[in-house]
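Asker: Take a look at this one; I'll ask things after.
A short reminder: the numbers here are calculations on the coordinates, not readings from a lab. Note that the structure is a prediction, hence the values are computed from the model and not measured. Quick reminder, even Gly has a Cβ in these numbers, built from the backbone with ideal geometry, and neighbours come from all protein chains shown.
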Amino acid sequence: MPYDVAIVGTGQTEHARRRTDVDQAGLAREAALRALADAELSMADVDSVVVASGPVLFAAVNQPEKWLTDALGARMKPVVRVTSGGGTGLAGAAFAFQQVASGIAEKVLVVAYDKLSEGALQYSISTLYDPFWGREFAVGIMGFSAAYWRARMDELGHTEEAAARVSVKNHANAFDNPYAHMKKAVTIEEVLASPPLAWPIKLLDVPPISDGACAIVLARGDLAPKVCSRPAWIRAISYYAEAENGAGRSLLQSEPLQLAARRTYRLAGITNPRRQFDVVELQEPYSYFELSYYEGLGLCAPGGAARLIESGATERDGDIPVNPSGGCMGANPIGAVGLIRLAEAALQVTGKAGAHQIEGAHRALVQSGGGWANLRGVAVVCA
Amino acid sequence: MMASSPKVAIVASGQTRMEPGRADAQHIDLIAEAIRVAFLGVPLSMRDVDFVIDAGSDVLDGRSISNCGFLGVMGAHHKEESRVEEDGLWAVWYAWQKVLAGHADVGLVVGYGKPSEASIHDFYASQSEPFYQRPLGLNHLVAAGLQASQYLHRWRLDEAALARVAAVDWANAAANPRVVVEEAPSIADIAGSGPVSPPLRELMLSRPVDGAAVVVLASERVARKLSAEPIWIRGMWAAMDEHSLGAREPGSFPACAAAASRAYALSALGDPNSVDLVEVSAHSAAGELMVLEALGLSEPGAGARVIDAASGPAINPSGGALPADPVMATGLVRLTEAHLQAMREAGTNQVNRDVRSAIVHATGGLGMQNHCVAVIGR
């Protein structure tokens, strides 16, 4: 039987559009020190380190975990980097989870970061595509994302107004999150009137680009209560893939997300996500993705997302609050975002979320993903 | 720490031939070739695979999130998948834990490298800390040369020791049907090859080749259905040394020793010389000797004696990493070679003994900063 796995410490950096006071190693160290301090542990207590960051072209250092090792104090420990596009923070946590669940490590530090001010983001993303059959046609990530949204407008009713409501909600929530650097109140009208970048994606549907890091400490279940009075338990975590150029790939629903949710829910005993979860933290690279995830995660039926956001259910005072932290709209250091969502979920279920705490939150749902919308992860975190 | 009872087995393995510049194959073809070989002769198919862990490099592939380009050929469609951006033996480390934890029964591990389509110099130089170390022009050749120089100096050895170990490796590789070697160089050829990074000469440095390797790991329940005598992963561990080359211990690899020590403890392996076979990775002949020493096969500075010893484990019967370094898959190939030997399927380089246990080693980074050690056995 696997060991239970708990989050016993979390830490985030001060996120910003550009952190000129630290290099990548300093950024990662800032988050790691905060997570260790939160857990009241030192690196001597840590058996193993998982580093997660976006594609190396984002910041022009290859295999950066090797440079980070000195700053993390991880010399002579296993240090492995998991890279899985935008969801890599959660993919890194999934690896660390297995290290602890298998019993080979007692405590594992996960550090996820991106320093996006140091690279050319859309250029880097453009190199995702096949050098012979893709790059001639595709640039950056916005083009295909716009196509996805357009398809969902007609079939699922994911209107521009509904997506604008996501942007308004998450921007508003970010005001109460001390780690969110984008504090900008926006209205539905302003989102709708903002300049189109790749229609229907408009400027205010898009989160900021950030420098930032997040770290968590995982501990084996039998040791966690000795480390911390209120551990957050990861009940299950999965990260699924969908192959490229699949002729049967649906633009309407994310099949890897549905698969990840199904498996994670089964392992965590979730049969009615809308009722069983108290709070949701998910990664919305553009506003409309959040609508799609409502459906993929089973918070509403396919085609029900617009009504769900309009009903106010996903607001902080609704019955299924989504992104009380502000999500990506508050801070978007891409490689760290998946881990930030997990850390925020841990803060919520342990009552440590401060001004954006959801009262009585006990069970949280986490989603993150990357690639060309083909890598999707889900986790369930409980008090 | 858990007991060392074996719970995860290597039930299949496969690799491409290792050749500099496979102009006939793209990355996807290399991966397909290794997977096809792995599933030959085992009653398993891609349908039985629960998850995929792969190892490759965005920089070598010239492509961001390059695993996304290969998910289909890796059979990862609609399965759990993750990319470890380090040698494939670290991907095995991940997959081993996932099966050990009981979260899956069958995992496919893929490692591949096509350095012929990239600049291996840039691949390593871009790993270097960008402010103080990179501007010095530090790359893997310079790092290997400095380390070799420190090694020879510290243990009062001369260049002949390096030529000797390289010659043994090249002779072994020439006998290995999976490595393309036109003609194995003699000691004199090696000692007379062009100086690259003193004291290292061209034929004392690892030769980049294109290639891919895969292993299939399975839970005890599945493994026992497939074989009366499965080959288990008994223990694995990894350790990273510090990045700053100047701050590392001269003439030895303490990170390799740290990884070995934990791997041996998990495997309940007392004397590393009691295994039948050792497959190690290295960027240079000096690096290979330092690894053999760090693995505890000899006293420090006496690694050359391990190569020549009449008794003790067979060392790198595949030829090791000097004649064939499919960057990002090199350590994984050490595992597939050890697995072939244990299955008595190595072919013309099959060792003349029953291979019941083996130590496998991988390395990564500038100046071999990172090390991973696995112990496998029946």
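Asker: Testing the spin-label approximation: label points 7 Å from Cα along Cα→Cβ at A:Lys352 and A:Met76. State their distance in nm.
Answerer: Those two pseudo-labels are separated by 2.9 nm.
Asker: Over all alpha-carbon pairs of the protein assembly as shown, lay out the pair-distance distribution in 10 Å bins, whole %, shortest bin first.
Answerer: P(r) for the protein assembly as shown, in whole percents per bin: 3, 16, 26, 26, 17, 8, 3, 1, 0.
Asker: Same structure, new question: Report, ordered by chain and residue number, the aspartates and glutamates lying within cross-link reach of A:Lys226, taken as a straight Cα distance under 17 Å and ignoring same-chain residues fewer than 8 apart.
Answerer: Output for A:Lys226: A:Asp4, A:Asp38, A:Glu40, A:Asp45, A:Asp47, A:Glu106.
Asker: Would you calculate a helix-derived [θ] at 222 nm for the protein assembly as shown, using -39,500 (n - 2.57) for each DSSP H run of n ≥ 4 and dividing by the full residue count, to the nearest 500?
Answerer: Mean residue ellipticity, 222 nm, calculated: -10000 deg cm²/dmol.
Asker: Same structure, new question: Arranged from highest to lowest average of other beta-carbon atoms within 10 Å per residue, in what order do the peptides B:124-132, B:325-333 appear?
Answerer: B:325-333, B:124-132
Asker: Starting from the coordinates of the alpha-carbon atoms of chain B, obtain the Kirkwood hydrodynamic radius over all distinct pairs and give the value in Å to one decimal.
Answerer: 20.3
Asker: Sorted from largest down, what three extents in whole angstroms do the Cα atoms of region B:168-243 have along their principal axes?
Answerer: That gives 54, 37, 21 Å along the principal axes, largest extent first.
Asker: Follow-up question, since we're still on this one. If you average the C-alpha positions of region A:311-383 and of region A:1-55 separately, how far apart do those two centres end up, in angstrom?
Answerer: 18
Asker: Taking every DSSP beta bridge with both residues inside the protein assembly as shown, roughly what % is antiparallel (nearest 5)?
Answerer: 70
Asker: Please compute, for the alpha-carbon atoms of region B:238-378, the extent along each of the three principal axes and give them in descending order in Å.
Answerer: Rounded to whole Å, the extents work out to 43, 31, 28 Å.
Asker: With label points built 7 Å along Cα→Cβ from the Cα atoms of A:Asp222 and A:Ser42, find their separation and express it in nm.
Answerer: Here the modelled spin labels are 2.6 nm apart.
Asker: Fewest to most neighbouring Cβ within 10 Å: what's the order for B:Arg201, A:Arg307?
Answerer: A:Arg307, B:Arg201
Asker: When the Cα centres of region B:355-371 and region B:171-239 are compared, how far apart do they sit, in Å?
Answerer: 10
Asker: Return a whole-number percent for the relative contact order of region B:100-230, with Cα pairs under 8 Å and 6 or more residues apart as the contact set.
Answerer: Reported as a whole number, the value is 40 percent.
Asker: Please identify which residues in region A:1-44 have an amide N closer than 16 Å to a label point set 7 Å out from the Cα of A:Lys183, following the Cα→Cβ vector.
Answerer: A:14-17
Asker: Give the separation of the Cα centroids, region A:83-124 to region B:16-80, in Å.
Answerer: Rounded to whole Å, the Cα centres lie 22 Å apart.
Asker: If packing is taken as the average number of other Cβ atoms within 10 Å across a peptide's residues, how do A:274-281, B:366-373 rank, most packed first?
Answerer: Highest-to-lowest ranking by the protection proxy: B:366-373, A:274-281.
Asker: Go through A:Ala44, A:Ala213, A:Tyr240 and say which Cα lies farthest out towards the positive end of the charge dipole of chain A; charges sit on Cβ, +1 for Lys and Arg, -1 for Asp and Glu.
Answerer: A:Ala44
Asker: Calculate, for B:His153 and B:Ser244, the FRET efficiency according to 1/(1 + (r/R0)^6) with r their C-beta to C-beta distance and R0 25 Å; round to the nearest 0.05.
Answerer: 0.80
Asker: Right, next: Highest first, please rank the peptides A:361-372, B:224-235 by the mean number of other Cβ atoms sitting within 10 Å of their residues.
Answerer: The peptides rank, most packed first, as A:361-372, B:224-235.
Asker: Taking each residue of A:55-62 in turn, how many C-beta atoms of other protein chains fall within 10 Å of its C-beta, and what is the average?
Answerer: Mean partner shielding for this stretch: 6.
Asker: If you don't mind, there's one more thing I want to ask. How fast does region B:1-80 diffuse by Stokes-Einstein, in µm²/s, taking the Kirkwood radius from C-alpha pairs at 4 °C and 1.567 mPa s?
Answerer: 88
Asker: Set the Förster radius R0 to 30 Å, insert the Cβ-Cβ distance between B:Arg47 and A:Ala151 as r into 1/(1 + (r/R0)^6), and round the FRET efficiency to 0.05.
Answerer: Plugging the Cβ-Cβ distance into 1/(1 + (r/R0)^6) gives 0.45.
Asker: May I ask you to evaluate 6.51 cos²θ - 1.76 cosθ + 1.60, the Karplus curve with θ = phi - 60°, for each residue of region B:202-217 and list the ³J(HN,Hα) values in order in whole Hz, giving x for glycine and proline?
Answerer: Per residue, the Karplus-derived 3J(HN,Hα) values read 3, 7, 9, 9, 5, 9, x, 10, 8, x, 9, 9, 9, 10, 10, 9 Hz.
Asker: Let me ask something additional. Estimate the FRET efficiency between A:Thr271 and A:Asp4 by the formula 1/(1 + (r/R0)^6), using the beta-carbon distance for r and 25 Å for R0, to the nearest 0.05.
Answerer: So, using R0 = 25 Å, E works out to roughly 0.75.
Asker: Now for a different question. Counting alpha carbon pairs within less than 8 Å and at least 6 residues apart, what relative contact order, in whole percent, applies to region A:77-138?
Answerer: It comes to 20 percent, rounded to a whole number.
Asker: Under the classification rounded if a/c is under 1.5, otherwise prolate if a/b is larger than b/c and oblate if not, where does region A:64-202 fall, given a ≥ b ≥ c as square roots of the Cα gyration tensor eigenvalues?
Answerer: prolate
Asker: Still on this structure: Quote the relative contact order of chain A in percent (integer), defining contacts as alpha-carbon pairs under 8 Å separated by 6+ residues.
Answerer: Relative CO of chain A lands at 25 percent.
Asker: Right, something else. If I model a spin label as a point 7 Å beyond the Cα along the Cα-Cβ vector, how far apart are those points for A:Val139 and A:Gln122 in nm?
Answerer: Result: 0.7 nm between the two label points.
Asker: OK, next. Evaluate peptide A:361-368: per residue, the Cβ atoms of other protein chains within 10 Å of its Cβ; return the mean as an integer.
Answerer: 0
Asker: For peptide A:121-134, compute the average count of partner chain beta-carbon atoms within 10 Å of each residue's beta-carbon.
Answerer: 3
Asker: For chain A, what size does the Cα cloud have along each of its three principal axes, sorted from largest down, in whole Å?
Answerer: That works out to 54, 45, 40 Å along the principal axes.
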